[in-house]
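K.L.:
Here it is, the structure in full.
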Amino acid sequence: STWGKKPAVVLCHGFTDSGLCWTRVARVLEADYDVVMPDARGHGLSELPSEGLVREAMADDVAGVIEALELDHPVAIGHSMGGGMVGMMAARHPDLLRGVALEDAGFGAPPNRFRNMTEEERAQRLRQATGWVEQLRGKTREELIEICRQQSPTWHEDELGPWADSKLQFRASGGLQFGDGGKP
């Protein structure tokens, strides 16, 4: 096995996605890196703890993965919610990482369009997103793949299945919570 002999990269997915949504990226990176694609709590095959999606706990979950796998200062890359997790994890556990890359980072570093929203407006946005996923839940995997193909015609075919599966597996219907009661 070559595990542990290459630098590590941890890929953190967006809201309603799963670790396997990074599969196409992982295939590009795997020759040079040990690639870790964890499922966030309530996503993919990860359980949803009773406390739900609390941003600080989710950031600590990423740190826990790094520590449990004994990764030597990996680079963490996060998309959307995953970007928020990575950013917060880097702030809470700065000695664990070599570097970070954030794409359209979610909670903790909201885009300008969310900055002036009230807490209730942000919560409404999250309810809308989870409501959309609940509507998709009644579809078959094949129907979801076709929906994704129509909504994202430039996506590679390899990305459609993991996207569909992630919507069927998503369990975090309450949306994100903020353990400190503060704004993202």
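Rule-based calculations on the coordinates, nothing more; no lab input. It should be emphasised that the depicted structure is a prediction, and the values quoted were computed from it without experimental measurement. As a convention, Cβ positions derive from the backbone with ideal geometry for all residues, glycine included, and neighbour counts pool all protein chains shown.
K.L.:
With a 10 Å radius around each residue's Cβ, average the other Cβ atoms per peptide and rank 93-104, 32-43, 49-60, highest first. Can you show the working numbers first?
P.N.:
Details: 93-104: 14.2, 32-43: 19.8, 49-60: 17.2.
Those peptides, ordered most packed to least, come out 32-43, 49-60, 93-104.
K.L.:
Which distance in nm do the two modelled labels at residue 151 and residue 91 give, with both placed 7 Å along the Cα-to-Cβ direction?
P.N.:
In this crude label model, residue 151 to residue 91 measures out at 2.9 nm.
K.L.:
Quick one: net charge around residue 97, please, counting Lys, Arg +1 and Asp, Glu -1 for every other residue with C-beta under 13 Å from its C-beta.
P.N.:
Its environment carries a net charge of -1.
K.L.:
Kirkwood Rh over alpha-carbon pairs of the chain, then Stokes-Einstein at 10 °C and 1.306 mPa s: what D in µm² s⁻¹, rounded to an integer?
P.N.:
My calculation gives 94 µm²/s for D.
K.L.:
While we're here: Work through the residues other than residue 141 whose Cβ is under 11 Å from its Cβ and net out their charges, Lys, Arg +1 and Asp, Glu -1.
P.N.:
My count for the surroundings of residue 141 gives -2.
K.L.:
I need to check one value: relative contact order of the chain, counting alpha carbon pairs closer than 8 Å and at least 6 residues apart, in percent.
P.N.:
The value is 26 percent.
K.L.:
Helix-only estimate, please: 222 nm mean residue ellipticity of the chain, summing -39500 (n - 2.57) across DSSP H runs of length 4 or more and dividing by its residues, to the nearest 500.
P.N.:
Calculated mean residue ellipticity at 222 nm is -13000 deg cm²/dmol.
K.L.:
Which whole-Hz ³J(HN,Hα) couplings does the range 125-140 yield from phi under the Karplus relation 6.51 cos²θ - 1.76 cosθ + 1.60, θ = phi - 60°, glycine and proline marked x?
P.N.:
Values per residue, Gly and Pro as x: 4, 5, 5, 5, 5, 6, x, 4, 5, 4, 5, 6, 4, x, 8, 7 Hz.
K.L.:
Which order do peptides 128-141, 11-24 fall in by mean Cβ count within 10 Å, highest first?
P.N.:
So the order, starting with the most tightly packed, is 11-24, 128-141.
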